[in-house]
Amino acid sequence: MKITAQEEYGLRCIMHLARVPFGDTVNVRQIAEYEGLSSAYVEKLLYLLNRAGLTESVRGAQGGYRLAHPAEQITLRQVLEALGGVLTADTLCNQFSGDREVCVHHGGCELHSVWSFVADYLSVVFSRITLKHLSDGEARPLVPSLFARSEQTIPLAEREPAQTVQTTMEGR
């Protein structure tokens, strides 16, 4: 998965808002200085988040931006969708179609099931994690583990080298 600069910096900006008490505003200049970004870029990112209904702009002397909803009601998936999108198998398949409009393997691709699984997994993870989880440092336990160690699992370092399996025509 590739995270764009827009997604990374947008997440950093909205996390800045998630760390202040709900309803408090932060001005663009403060966010820009703290995050090491230009005010114009922060303004653009907050515009995208505002358009998605995740932040609100407040005018006036005490104005700035604030979260439109409490941090526990905004998911990582919502933020990523507002900033550029969430990985889907179809997105990947359309992105790498060569010089054609549609991938030459469309409908018969061996990789599509893998990309679908990865996209679905990430979607579930991103939908479970809220800005509150992130700001409290509690996101990791929410990630479902596919790699939980069971009694049948043997760490790679403890495995014997693979043995060559010989098959005969009779054994097939």
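The values are calculated or read from the model by the stated rules, or taken from the named source; none is laboratory data. If you're wondering where the values come from, they're calculated on a predicted model, not measured in any experiment. All Cβ positions, glycine included, derive from the backbone under ideal geometry; neighbour counts span all protein chains shown.
Which ones in the stretch 51-73 are within 21 Å of the chain's Cα centre (by Cα) and basic (Lys, Arg)? Residue satisfying the conditions is ARG51 alone. Considering every residue within the stretch 87-106, establish whether at least one is modelled with pLDDT of 90 or more and not basic (Lys, Arg). No; the residues of the stretch 87-106 include none that is modelled with pLDDT of 90 or more and not basic (Lys, Arg). The residue that is modelled with the lowest pLDDT, among those in the stretch 112-135 that are over 13 Å from the mean Cα position of the chain (by Cα) and surrounded by 13 or more Cβ atoms within 10 Å (Cβ to Cβ), is HIS112. Checking each residue of the stretch 46-68 against the condition of being surrounded by fewer than 15 Cβ atoms within 10 Å (Cβ to Cβ), assigned to a helix (DSSP H, G or I) and among the polar types (S, T, N, Q) gives no match. Exactly one residue out of ILE3, ILE14 is closer than 30 Å to TRP115 by Cβ, touching a strand residue (DSSP E or B) at 6+ places or on another chain (Cβ under 9 Å) and either part of a helix (DSSP H, G or I) or at pLDDT below 95 (or both), and it is ILE14.
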